[in-house]
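The values are calculated or read from the model by the stated rules, or taken from the named source; none is laboratory data. Note that the structure is predicted; figures quoted are calculated from it, not measured. Glycine gets a Cβ as well: all are built from the backbone with ideal geometry, and neighbour counts include every protein chain shown. Accessible surface is based on the protein model in full, side chains and every heavy atom, while ligands, DNA and RNA are left aside. Shrake-Rupley method; radii C 1.70, N 1.55, O 1.52, S 1.80 Å.
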Amino acid sequence: MKLFNTLHKSVEEFVPREEGKIKMYTCGPTVYHFAHIGNLRTYISEDILEKGFRYLGYDVQRVMNITDVGHLVGDGDTGEDKMLVAAKREHKSSRDIAKYYTECFFDDCRKLNIKKPDVVSNATDNIAEYIKIISKLLDNGYAYIAGGNVYYDTSKFEKYYDLSGRNKEDLLVAVRNDVSKDEFKKNPFDFGLWFTNSKFNNQELQWDSPWGRGYPGWHIECSGIAIKYLGEYLDIHCGAEDAVFPHHTNEIAQSEAYLDHRWCDTWVHFGFLNDKTGKMSKSKGNIVSPFKTIETYGADTIRFYLPYTSPVWTPIKFDEEGLKEIYSKYINTFKNTYSFFEMYANADNIDPREYNIDVEKRDITDKWLISKLNKLIKEVTSAYEEYDLTKVTKAIIVFLNDDLSNWYIRSNRRRFWESELTESKKAVYLTTYEVLLTLTKLTAPITPYISEEIYKCLTNKESVHLEDFPKYDDSLINESIEKQMDLIRDICSLGRFAREEAKIKVRQPISELILDSNDEKTIGNLQVIIKEELNVKNIIFIKDMDKYMEYIVKPNFREVGKLFGPKVNMFAETLKKLSHDEISKLRNEEIEIVFDGSTIKVVPNMVDINVKVKEGYCSSNNGKTFVILNTELTDELILEGIARELIRKIQSMRKEMDLVITDRINV
């Protein structure tokens, strides 16, 4: 797997110290209040990363802390302990606050299907570990006592600035607004390891130590807990980007000074979740509650939305409209596609698992979808291995919507509707089943709930999370069929656009679709799909499109304005003299023309080619494919259109009455 390593500021191949095993530490919450969506973005990202490691076959041991003492309001070791602030706010003890908000945090994680780490340890349960580390740091000269407190001397650690990428001068300006000076420190960047009563007299949680009764600083807890449970070396340490400085910077300094060797080679940080005012935080009062968001859109929508919007290590701006889009494009489309399959399979009493039809013997549209599916598996596998969840989610959205739902299911409806159980009908059920099953496995790490739900319905097995990750088969990727289907889809898309321009609904049949004869061989026996999609009676292939249209070629001023300058109008006049053959060639490749006394090369992006068709026809093109529709409507065609409109209204009424497809009605 490839990850962006904050330590080296680059994407690197992740290699653990011990083959097949990963020691993973992730910073946990300070449990003084409810978590918000911004907090949970980090935990979702870590959850997907851990599950990705496990899918790849690694034995992952993951440890996380719970901060229930020592996290002060100010990063400069100033202000009150956040736990004490919460205790005063709610008139409870710090321990009661910690217990309640820890339970709330893991309840949020459960709702979002975030796996609980193998070890979760409270800061207050590891005081002896901190005292042991601090004592050695004092003995080695990395720490000092001032004002009754123990501080780490950052001037003694040469690599202090490596993780943050800053220098001493940069750090004079604090990363967070609330950093202020501590009069006991030798250097402004030094940080507290242990505080005594000289720091705060009203601290509720205190322990005896060699330096007096007090409590640990915030940063020491992660070093102590990580070393206690994972040993002297970590493979990977994760957290939010605001932990880079000072928290993780200080962890590295104290851990490596204590261990006397490199502690962790890979540091992964996740970007902020912002709103229009900036970073989402409790102190700013701009948080979004996970409870309402989960209740409205579901946990899977949130889990998919966050990586879809932006790579996990970059900040994103929270937008509820984006959640709605994901719910529509992903959750609804996935569910509706499965529901369509389930409805017809149940009506026909079909179990596709009983069929064994070789791909080579299936319909060409089945082969096309299976080819696209194997390309998807290949792309998603590569993206998971690079921990590029944005690429994963975007590829899945395109396949689910454009390839499966809006094309394959649409163009194969009649195969589902066939009254006889033909080999073609078996194949369309089997192909749809295989694709849906594979999608549940591809999406399981990101959206565990919907994947599990659909997987169980398809298989009656225990869990998709016990399945192996899909493997692609290069032999099933068929570029020739994909090229053929791409042309079919282009023609249908252009045809629908031409209908819209002519204000003729798709339910209204038309007599003719006219295409270039060069497309006939590629289209082959798939004319029936075009006829069905565009609701046309006949397809005519002709060599000379000039019979129906006139090409209008103009300069693409954005491309050639600077190139020709004041002579651009002369270039426009030259384009008017191009022959039909020259224009046809220019649609796809460069041509040579004589301009201003010289021979120049003209490439497709230098021109805009538009088409003007004669009366009674409409057209559309994408620069390389042209379609012409006969818009003349006979009485017979108009009556058929009325009949189709009547059928649509009856079907709408059936839906409103919650009738299933097997229910009979009288009209």
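In table form, for the structure just shown:
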{"quantity": "Residue within the range 21-37 that is at pLDDT 95 or above, among the β-branched types (Val, Ile, Thr) and assigned to a strand (DSSP E or B) present", "calculated": "yes"}
{"quantity": "Which listed residue is in contact with a helix residue (DSSP H, G or I) (Cβ under 6 Å, 6 or more places away or on another chain) and open to solvent by 10 Å² or more (accessible area, probe 1.4 Å), from ASN401, ASN406", "calculated": "ASN401"}
{"quantity": "Residue that is nearest to GLY561 (Cα to Cα), among those in the range 612-629 that are buried (at least 19 other Cβ atoms within 10 Å of the Cβ) and not hydroxyl-bearing (Ser, Thr, Tyr)", "calculated": "ASN621"}
{"quantity": "Filtered residue count, the range 110-156, keeping only those that are surrounded by fewer than 19 Cβ atoms within 10 Å (Cβ to Cβ) and among the aromatic types (Phe, Trp, Tyr)", "calculated": "1"}
{"quantity": "Number of the condition not met by GLU559 [criteria: (1) at pLDDT below 90; (2) in contact with an Asp or Glu (Cβ under 8 Å, 6 or more places away or on another chain)]", "calculated": "(2)"}
{"quantity": "Helices (runs of 4 or more DSSP H) enclosed by the range 297-395 - at least 2 residues per element that are touching a helix residue (DSSP H, G or I) at 6+ places or on another chain (Cβ under 9 Å) and over 20 Å from TYR408 (Cα atoms)", "calculated": "299-309, 320-326, 364-385"}
{"quantity": "Which numbered condition SER584 misses (of (1) exposed (fewer than 13 other Cβ atoms within 10 Å of the Cβ); (2) within 46 Å of the chain's Cα centre (by Cα); (3) free of Cβ contacts under 8 Å to residues at least 12 places away in the same chain; (4) under 28 Å from ILE510 (Cβ atoms))", "calculated": "(1)"}
{"quantity": "Test: residue in the range 514-521 that is open to solvent by less than 50 Å² (accessible area, probe 1.4 Å) and more than 14 Å from VAL627 (Cβ to Cβ)", "calculated": "no"}
{"quantity": "Residues of the range 535-547 satisfying the condition of being in contact (Cβ under 8 Å) with a residue 12 or more places away in the chain and part of a helix (DSSP H, G or I)", "calculated": "MET545, ASP546"}
{"quantity": "Total residues in the range 463-485, condition open to solvent by 70 Å² or more (accessible area, probe 1.4 Å) and either within 29 Å of THR625 (Cα to Cα) or at pLDDT 95 or above (or both)", "calculated": "7"}
{"quantity": "Residue match in the range 276-289 (condition: modelled with pLDDT under 95, under 20 Å from the mean Cα position of the chain (by Cα) and not in a loop (DSSP other than H, G, I, E, B))", "calculated": "no"}
{"quantity": "Where LEU421 falls short, out of the listed (1) under 24 Å from the mean Cα position of the chain (by Cα); (2) not in a helix (DSSP H, G or I)", "calculated": "(1)"}
{"quantity": "Residues of the range 44-84 that turn out to be small (Gly, Ala, Ser) and modelled with pLDDT under 80, as a count", "calculated": "4"}
{"quantity": "Residue count, the range 201-256 (criterion: of a type in the set (A, V, I, L, M, F, W, C), over 39 Å from the mean Cα position of the chain (by Cα) and open to solvent by less than 20 Å² (accessible area, probe 1.4 Å))", "calculated": "1"}
{"quantity": "Failed condition for THR422, given (1) touching a residue at least 24 places away in the same chain (Cβ under 8 Å); (2) surrounded by fewer than 21 Cβ atoms within 10 Å (Cβ to Cβ)", "calculated": "(1)"}
{"quantity": "Qualifying residue in the range 123-135 (condition: closer than 16 Å to THR249 by Cβ, aliphatic (A, V, I, L, M) and either more than 39 Å from the chain's Cα centre (by Cα) or at pLDDT 90 or above (or both))", "calculated": "no"}
{"quantity": "Some residue of the range 370-387 being at pLDDT below 95, under 19 Å from THR438 (Cβ atoms), surrounded by fewer than 17 Cβ atoms within 10 Å (Cβ to Cβ) and of a type in the set (Asp, Glu)", "calculated": "yes"}
{"quantity": "Positions within the range 388-398 being closer than 17 Å to VAL435 by Cα and either at pLDDT below 95 or open to solvent by 30 Å² or more (accessible area, probe 1.4 Å) (or both), in sequence order", "calculated": "VAL398"}
{"quantity": "Test for GLU550: is it open to solvent by 30 Å² or more (accessible area, probe 1.4 Å), out of contact with any Pro (no Cβ under 6 Å at 6 or more places or on another chain), in a strand (DSSP E or B) and over 23 Å from ILE481 (Cα atoms)", "calculated": "yes"}
{"quantity": "Candidates LEU323, LEU306 - the one that is among the hydrophobic types (A, V, I, L, M, F, W, C), open to solvent by less than 10 Å² (accessible area, probe 1.4 Å) and free of Cβ contacts under 8 Å to residues at least 60 places away in the same chain", "calculated": "LEU323"}
{"quantity": "Test: SER451 is of a type outside the set (Lys, Arg) and surrounded by fewer than 17 Cβ atoms within 10 Å (Cβ to Cβ)", "calculated": "no"}
{"quantity": "Residues of the range 444-488 classified as among the aliphatic types (A, V, I, L, M) and over 30 Å from LYS111 (Cα atoms), total", "calculated": "6"}
{"quantity": "The listed residue being modelled with pLDDT of 90 or more and out of contact with any Ser or Thr (no Cβ under 7 Å at 6 or more places or on another chain), out of PRO210, PRO216, PRO188", "calculated": "PRO216"}
{"quantity": "Any pair with Cβ under 6 angstrom, 6 or more apart, that starts in the range 513-534 at a residue that is among the β-branched types (Val, Ile, Thr) and ends at one that is at pLDDT 90 or above and part of a strand (DSSP E or B)", "calculated": "ILE514/ILE540; ILE514/ILE628"}
